[in-house]
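Asker: My structure is below; once you've seen it, I'll send some questions.
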């Protein structure tokens, strides 16, 4: 884990599930990855859930504050809609609308 204005890190939860977090602009973003990754470096297709929060209320220099925020985000992450699903949903909505 790296603390500070460019905080980032990774870890595991619920056994073998992995996640990573990073600060992007003014948000702390957490991505959860699917089980059974084929490589050590996940791709966008491996992301199954995502959460974010503004960094305004987080002390990015305090490791405990950062860990607590990441833990909360992991537990509240929302499922990611796959890009193929998005394309399909977009076509359906254009036909319906």
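Asker: Treat the count of other C-beta atoms within 10 Å as a stand-in for reagent exposure and order 31, 63, 45 from fewest to most.
Answerer: Ordered from fewest to most neighbouring Cβ atoms within 10 Å, 31, 63, 45 come out as 45, 63, 31.
Asker: Quick check on the exposure proxy: order 16, 39, 65 from fewest to most C-beta atoms within 10 angstrom.
Answerer: Ascending number of Cβ neighbours within 10 Å: 39, 16, 65.
Asker: Separation between the residue 71 and residue 57 pseudo-spin-labels, each 7 Å from Cα along Cα→Cβ, expressed in nm?
Answerer: In this crude spin-label approximation the distance works out to 1.7 nm.
Where a number appears in this text, it was derived from the coordinates with a stated rule and is not lab data. All values reported here derive from a predicted model rather than from experimental measurement. In this analysis, Cβ positions are derived from the backbone assuming ideal geometry, glycine residues included, and neighbour counts consider all displayed protein chains.
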